[in-house]
Structure formats: C-alpha cells, structure tokens
Amino acid sequence: MTEPLLAIDDLNVRFRTEDEPVYALNGVDITIEHNEVMGIIGESGCGKSVTALSVLQLLQSPPAEIIGGEIRYKGENLLERSDSEMDEIRGNEISMIYQDPMKALNPVLTIGQQVTEPLLAHRDVTKDEAIDEAIEMLRACGLADAERLVDEYPHSLSGGMRQRVMIAMGLITKPDLLIADEPTTALDVTTQAKILDLLEDISDEFDMSIMYISHNLATVSEVADRITVMYAGTVAERCTMNELFELPLHPYTRKLIESIPKLDTVHERLPAIEGSVPTFNEPPSGCPFASRCPQYIGSACDEVVPQAQPPGEAYDVEAEHTVACHLYTDASSEKPPWTTEEQTHDSAY
Amino acid sequence: MLKYVIRRLLVMIPVLLGVTVLITLLINLSPGDPARAALGAQADAQAVANLRQEIGLDQPVYIRYIEWVAGVLQGDLGTSIVTGEPVNQMIMERLPATLELSIVAIAITFVIALPLGVISAVRQYTWMDTGSMVFAIFWLSMPSFWLGLILILLFSVELGITPISGRSGTIFTVEWLSYLALPAFAIGARRAGLLTRLTRSSMLEIINEEYIRTAKGKGIGGRAVIYTHAMKNAMIPIATLVGLQIPMVLSGSVIIEYVFSWPGIGRLLVDSVSRRDYPVVQGIVLVYAVIVLFANLIVDIAYTQFDPRVTYD
C-alpha cells in the first residue's frame, strides 16, 4: 500500500488555560489520499479546525501544544519540522482557506499583493509575472474582473468575492493539498453553492486533494469522496460518502443525519442532538459521546475508550469503514444495535 | 483629497481666531504691567503712564486685539514692547531651533518606541517584553524638566561629555549632536515610553487577527508577517497617538528649552511672559497653534496611506 498524501496519526492537542488544561484532540486519525476530497464533519467545538491548523502548525502556541501523535505528509512527519522549515510547506505544498473571508484577508494590502505573496515566497518569479498569474488564477476562480481587482482592497469586495480571492490565493502555487476550513459558513446559500462548485471543479483540474471541513453535512456531501466524522476531539466514524447516508454506524453519525431537515417529511420539531459537546480537562476515560448517546450500553461506554475499527462481519460495509463505538466491539450483538423501523412500529402500536 | 485639504484649511481660521482671543484675554487679565516691568519698580508713575501711551496700552483690550489681528492678516505680528524689535524677526530667528529640537525629539521617540513595542508584542511574556515594559514605565514616570536636570548633572557636570547648555550653530556634526542629544532625549524619553506601550498593545491586538494567521499560512516567513502584514495595520493607532503627541512635544520643549538655554521660541515665550511682552507672547502662541493644526492635518492625510478604508472627499 502506498503512503497516503497526508496521514494524521493519533494526534493529541492540549490547550493550557489559566485554570485547567483543555484536551482538544484526543487521538485523531485521518488519512487523505492523492486526489481525494476528504470531508471532516462534526459540531462546533469538536476539534475540526484545531486538526486543520495543526497540520500547518498554525495553532497559537501557547496556549496550544501538540502533545502526541504524528502528521505525516508524503511520509515525512511535519511535527519534526521547525517553524521556518514549515514555511517551505505552508502556502506551497499545503494551502489553507479559512472560514471567514471577511477577517482572513488583510484590510490594508491590495488583493494583488496578497494573492501573489505565496508565489513570490515559493517560486522564482518576478512581481509582474506573479501579478499575471494572480490575474489568471482569480479568473479561474470566477472573478472575471480580475485585472481591476488586483489593485483593490478587500473592503470593496463582497463576501463571496473575498472567498474566491482566498481560494485563488490558496491555489496559486498549485499545492498538493488544500485545507478548506468551513469555507462556505460565512456566505449566503446561493454563494455557498457557487463556491462548492468551484472547489469541485478545481480539485479535478489541479489534481489536488482537499481536506474539506464543515459542520454542515449537506455541503460536505456535495464535494467529499470520503468522510471523517469527528466528535469531541476524536474520530467517531470514517467511511465513503455513499455509505455515510446508507449505513451510518456510530450513534452520533446517525443522529447527525437525522438532524438534516428533509423536504418530504413533516417534523413537529427539527430533530436535534440533546446537550452539547463536552470539553475535557483531562483525557477522556471513556466514549466522549456517552453522556448524549441514545444507545448508551453501560459501564463500557464510560470506562473504555472505543477504538476505531471495522464493525464486524454482521455489517455489509466496505473494508475501510471504521467506527469507534462499543456497540460494535460487543461480540454478542448480532443484530444491528439500533432499533429497526419494524421494531419501532411494534413498540408504537 | 484636495477638497478635503481646502476644507480643513478653512476650518483652521475660526480655530486660530479662537486661540488668539483666548490668549489675548489671558495675558491681559493676568496681573502685571509691561510698562512697569520695563521701567522697574522704582520708576516714576508719570514715566510709566507715558510709556503706556507710547506703546498703546492706554487703549481698551478689544481695540488692541483688532489692531493686532489686522496686522497679523498682513503678516505683521507687531513689535516687542520691551526690545522694540519686530516680533516676526524675533520668532523667525528662533523658530528653526525649536523645530530642530522637536523633530529630533519625535525621531528619538520613534526610533526607541517602535522596535521595543513590536518586540515586546511579538515576544509576549518573555524577558524582552518585561524589559521593554519596565523601560517604558521608567521613562513614562519621569517628568521631563527633572530628567533634563539629571541629564545635565550626569553627562555635562559629572562626565563632561556634553555641553551644559546652548545650541551649536552647525548641523549634522558631532558638535551639533552633543548640544542636541540631551534636550531632545529629555523631551523624547517620556513620549517614547507612551508610544512603546501603545505600539505593544496595538501589535498584540493585530497579531491575533485572523489575517495574520492567513499570512503565516502562506509560508512567507515570520519577518514578512510582522513587517508587511502587522506593522501597516499597527501604524493606524500609532499615527493617531503621534498626532496627539505633537502639541505635547511642543509644550514639553518650552520647559526643556528653558532648562537647557536652548535658543528657541519656547524660551522666548517664557521670557516674554515674565516681561509681559504681550505682542511676542501672542505671536508665539499663534505660531504654536499653526504648527499643531498643520501637524494634525498631515497626520490625518497620513491615515490614507496606512488605511485604504479611509478616504476623504
């Protein structure tokens, strides 16, 4: 088996705060293959952005510290690189686009200055050549008026335009991996759709992998090939996009899918997962979802940290489908652990 | 932009009128009589009255004010009651010395404060940060006239490195610097303390902005992140402070010029106040007001250079 483009292996991140440390990532495993769009999904505060920022080592440290694990990029552990050695990777081989394009562009520098910067830092080009490439890339990202825009400042652009600028800025060095951290969250729905289309097109065109982070399952499902479901700093489930909707295994994943409003069903209330993501002042001692889990099965959930593994032969899933849940470690359970539709009917009538 | 500058220049007229009215009232309402001051306490009452008439002091204040303003509009600030010299000439002879002192003091402020402020923000909570802040508080808590005296005592009297007072006639020479260094530092040190703290806090605010993370994520290197991305944003509040500091530097220079016998308009102002030389006092205050107004106009225009979101039409 060839080495994946990016392999995050057992990543642990802790934030030191004044009172108690917060364990933000507790053994995260994510792999991204070449030319693959990996969706990362989970509620706010479950460690998606921390994971993304860890890859480029952009976490503010202190308070953040990476206390364990590896981030292997093309086989090399990036965590062993110094900050200046990381600069060879940042914006060059791995680029990142951020959640809020309103805040992520420097208000006092022109679009041209900001878009050409990665090129000038990593490629042997003159300023004029860089500007030409920037204009071309801005056009490719759907900004027809690129020649004028390079001399403009961010405040004169709309949110959607700014996000296109961010994307152009990320792509200008033709990186192998683009990390998109909720790139559509701050945009209105029609703009969201356009940005998603753009990301899909460019991932094909530039042969690049994307790590697409979102809390919105609907947008992720538009672009992702595979998906990693994160919960409270851990990976709950990992599978292909198709199987996510057809055979979700982890109770959290199932709850997430249920929470998507559907047009063909009338809900009294929008289904939601009760409670909120816990924060850990020490590494979790059991399943992090235990306190909210509708299928809590007892002391194992509280006492043993579930490991990601295939669910077992009872489930007809692809080999790479893994889930971290005690429902599937329990060998005695032969039936699917969730109540099937028939059972629901039986108990209701 | 041109429109804006013209509008600002027009606004200066009422401001300057207000300043002159205030200063005229202030000096005329304060006790003391220039004729008496000129002739001495033992002088004959008749002689004093004659002198008063001669220099026009027998006229009511508002008549004298209007006559003075009429002169100013023609570029004539009047003549000194004490020496009989034209005020224009007295100010023009001494203005370069004051400007030199003030500009060098501001330059010292920048040279000290910007690097220290940036370093203490970038290396927050390290010994460099603590050191810079101790340095800032140290100078900030020192009154400039006292600092001036201490500097003279240390460098001129004890060590004999610099002259005690006065100004060299030369410029950009070692001698020039030896005269200028102490008074300029005495004015600049306190401002530097203030500016160091402001630079630190505005840099700290900016380096936590998301666009700074974006810049880091491009792999352009730490220096480029600070100088290209953070500094230009930090200059916006710094420019504001500098605008506010210019009047402070000028008023600080009045005392320091006196302490160091610096032949500028500040010292002339103090002398003229004690001699009740009304026209000279009025003239100098007017010049100070004009300098402050223009300096602030320049700062406001400088904003457009630092912040593209600021436009004036």
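The values are calculated or read from the model by the stated rules, or taken from the named source; none is laboratory data. Since we're looking at a predicted model, the values are computed, not measured. Neighbour counts run over all protein chains shown; Cβ positions are idealised from the backbone, glycine included. Heads up: the accessible areas ignore ligands, DNA and RNA and are worked out on the full protein's heavy atoms, side chains in. Shrake-Rupley method; radii C 1.70, N 1.55, O 1.52, S 1.80 Å.
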Report summary line: Distance in nm between A:D124 and B:A49 label points, each 7 Å along Cα→Cβ, equals 9.7 nm
Query raised in the report: Charges only on Cβ, +1 for Lys and Arg, -1 for Asp and Glu: so what's the dipole of chain B about the Cα centre, in debye to the nearest 20?
Result: 1160 debye
Requested in this report: Note down the accessible area of B:L154, probe 1.4 Å, to the nearest 10 Å².
Outcome: 80 Å²
Report summary line: The farthest towards the positive end of the charge dipole of chain B, of the residues B:I265, B:S201, B:G188, given +1 on Cβ of Lys and Arg and -1 on Cβ of Asp and Glu, is B:S201
Report task. Return one number: the angle in degrees, 0 to 90 and rounded to the nearest 10, between the long axis of the Cα atoms of helix B:278-306 and the longest principal axis of the Cα atoms of chain B. Result -> 20 degrees
Report task. Evaluate the distance, in nm, between pseudo-label points positioned 7 Å from the Cα of B:I6 and of A:I257 along their respective Cα→Cβ axes. Result -> 7.1 nm
Query raised in the report: Which of A:Y296, A:P261, A:T17 sits farthest toward the positive end of the charge dipole of chain A, with +1 on the Cβ of Lys and Arg and -1 on the Cβ of Asp and Glu?
Result: A:T17
Requested in this report: Considering Cα pairs under 8 angstrom that are at least six residues apart, work out the relative contact order of chain B and quote it in whole percent.
Outcome: 27 percent
Query - Options B:N233, A:L5, A:L178, ranked by Cα towards positive dipole end of the protein assembly as shown, top entry (Cβ charges) - result: B:N233
Report task. Report the far tail of the P(r) of segment B:48-126, meaning the percent of Cα-Cα pairs longer than 19 Å. Result -> 63 percent
Requested in this report: Within segment A:250-328, list the trypsin sites (Lys or Arg not before Pro) lying in a DSSP loop whose Cβ has at most 15 other Cβ atoms in a 10 Å radius.
Outcome: A:K262, A:R269
Report summary line: Loop-resident GluC sites (Glu not before Pro) in segment A:41-88 with no more than 14 other Cβ atoms inside 10 Å, DSSP not H/G/I/E/B, are A:E88
Report summary line: Taking a label point 7 Å from the Cα of B:V15 along Cα-to-Cβ, the residues of segment B:284-309 whose backbone nitrogen sits under 17 Å from it are B:285-304
**Report entry** Accessible surface ranking that places the most exposed of A:V22, B:V249 first, with a 1.4 angstrom probe
**Finding:** A:V22, B:V249
Query - Estimated inter-spin distance, B:E210 and B:T240, nm [label 7 Å along Cα→Cβ] - result: 2.3 nm
Report summary line: Magnitude of the Cβ-charge dipole (Lys and Arg +1, Asp and Glu -1) of segment A:103-172 about the Cα centre, nearest 20 debye, reported as 400 debye
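Can you sort B:V174, B:V87 by solvent-accessible area, 1.4 Å probe, largest first?
B:V174, B:V87
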Query - Largest-first principal axis extents, alpha carbons of chain B, Å - result: 84, 56, 33
Query raised in the report: List the lysines whose alpha-carbon lies under 27 Å from that of A:K262, not counting same-chain residues fewer than 8 positions away?
Result: A:K48, A:K194
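Grab the DSSP H runs of chain B that are 4 residues or longer, score each as -39,500 (n - 2.57), total them, divide by all residues and round the 222 nm result to the nearest 500 deg cm²/dmol.
Per the formula, -24500 deg cm²/dmol.
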Query raised in the report: Can you list, largest first and rounded to whole Å, the semi-axes you get for the protein assembly as shown by taking the square root of 5 times each eigenvalue of its Cα gyration tensor?
Result: 72, 26, 24
Report summary line: In nm², the average projected area of the convex hull spanned by the Cα atoms of segment B:1-91 is 7.3 nm²
Requested in this report: Would you please name the chymotrypsin sites (Phe, Trp or Tyr not before Pro) within segment B:1-82 that are DSSP coil residues with at most 15 other C-beta atoms within 10 Å of their C-beta?
Outcome: none
**Report entry** Förster radius 25 Å - calculated FRET efficiency between A:E205 and A:I67, Cβ distance, rounded to 0.05
**Finding:** 0.05
Query raised in the report: Roughly what angle does helix B:174-207 make with the longest principal axis of chain B, taking Cα atoms, 0 to 90 degrees, to the nearest 10?
Result: 50 degrees
Query - Computed magnitude of the charge dipole of segment B:120-200 (debye, nearest 20; Cβ of K, R +1, Cβ of D, E -1) - result: 320 debye
Requested in this report: Provide, as a two-decimal number, the C-alpha radius of gyration of segment A:1-136 over 2.2 N^0.38 Å, N being how many residues it has.
Outcome: 1.19
Requested in this report: Measure off, as a whole percent, the carbon and sulfur share of the 1.4 Å-probe accessible area of the protein assembly as shown, all protein chains present.
Outcome: 57 percent
Report task. May I ask for the angle, rounded to the nearest 10°, between helix B:61-73 and the longest principal axis of chain B, with both axes built from Cα atoms and the value confined to 0 to 90°? Result -> 60 degrees
Query - Å² of accessible area per residue within the protein assembly as shown, as computed with a 1.4 Å probe and no ligands counted - result: 48 Å²
